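These notes are about the structure you will find just below.
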Amino acid sequence: MTASDARPLSRRDWLLSERPASRTQARLGRAYVAWRRFSANRLAFLGLLIIIALLVVAALAGVLAPYSPTFGDLKNARLLAPSAEHWFGTDDLGRDILSRILYGSRWTLYVVILVAIIAAPIGLLVGTVAGYAGGWTDAILMRITDIFLAFPKLILALAFVAALGPGIENAVLAIAITSWPPYARIARAETLTVRNSDYIKAVQLMGASPFRIVLRHIMPLCISSLIIRVTLDMAGIILTAAGLGFLGLGAQPPLPEWGTMIASGRRFVLDQWWVAGAPGFAILIVSLGFNLLGDGLRDALDPRSGDQ
């Protein structure tokens, strides 16, 4: 044994080993490679910082907000321009816009997280079952998916909210109902690529049931693609929620939801532009952050990407 062979491996070499000694080492190695790819993308890292800032602001809104988000000085502070006292100005009811934007970040996260929790598992289940079962099961599930895909998402969400009634919970449910079909398509495509692979055939020969094969062996293979698509869809979810709020079908006043804030400020957009401009800029920044993050995750988690 040479001196170089006796030298212990560094942490980096251990993670990048071509012959991992355990599953844990293999998983950590893949995560490390993905992080290297992701961190090398400056725009993706910027998107990650934006989303981290959103999480921090939402968690500390009660500490960061200088004023109440629902009560204002209607007599003395109505439609004040941005100043040192009110950084983003005030609205038509004398409420501090900065405070409302900070608290509104909580409702934005509330919507995107709930929609992702509801829509992604539904799409994953429908897509993997359709892809693995094939035949009439695949045909029925995909035709249902095609029906949902045939309508624009916002129009379909408007129809569901109109039927369910206005409110933030109904808006979340309506957006989730209209968001699952693309996830089902992705999961089905991933399932079709591995359904006849030697790996799945070996599991079948071992006597695994179709339910176990789908749940334990096919669904995990679809997770990375699903995470990328969900992250990229976050911007669209935010815009759809803001659109419903703008039309009065989402969050209801006095909740400080960004779409509702834009709707209340559209009457003053020419003279007091900050009333609608500030929440609109917040939507722009957060949507940009999710898009940049999604692009970075796509490059980092794509197994066909090149250099490690």
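Some values worked out for this structure:
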{"quantity": "Pairs, first closer than 22 Å to G294 by Cα in region 44-69, second assigned to a helix (DSSP H, G or I) and of a type in the set (D, E), C-beta under 7 Å, six or more apart", "calculated": "A44/D295"}
{"quantity": "Some residue of region 163-176 being among the polar types (S, T, N, Q) and surrounded by fewer than 15 Cβ atoms within 10 Å (Cβ to Cβ)", "calculated": "no"}
{"quantity": "Among residues of region 91-104, those that are crowded, with 24+ Cβ neighbours inside 10 Å and out of contact with any Pro (no Cβ under 9 Å at 6 or more places or on another chain), counted", "calculated": "1"}
{"quantity": "Complete set of residues in region 34-56 that are among the small types (G, A, S) and surrounded by 15 or more Cβ atoms within 10 Å (Cβ to Cβ)", "calculated": "A34, A44, G47"}
{"quantity": "Within region 194-272, helices (runs of 4 or more DSSP H) holding 2 or more residues that are under 23 Å from P152 (Cα atoms)", "calculated": "219-246, 258-265"}
{"quantity": "Where a residue in region 198-210 is aliphatic (A, V, I, L, M) and its partner, wherever it lies, is outside any loop (DSSP other than H, G, I, E, B), with Cβ under 7 Å and at least six apart", "calculated": "I200/V194; I200/I213; I200/H217; V203/I213; V203/H217"}
{"quantity": "Flag for L141 being under 24 Å from L249 (Cα atoms) and without any contact (Cβ under 8 Å) to a residue 60 or more places away in the chain", "calculated": "no"}
{"quantity": "Residue satisfying condition, being under 30 Å from A59 (Cα atoms) and not in a helix (DSSP H, G or I), within set R100, R106, R78", "calculated": "R78"}
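Bear in mind these aren't lab numbers, they're just calculated from the coordinates by the rules spelled out. None of these values were measured; they are calculated from a predicted model. Please note: Cβ atoms are built from the backbone with ideal geometry, for glycine as well, and neighbour counts cover all protein chains shown.
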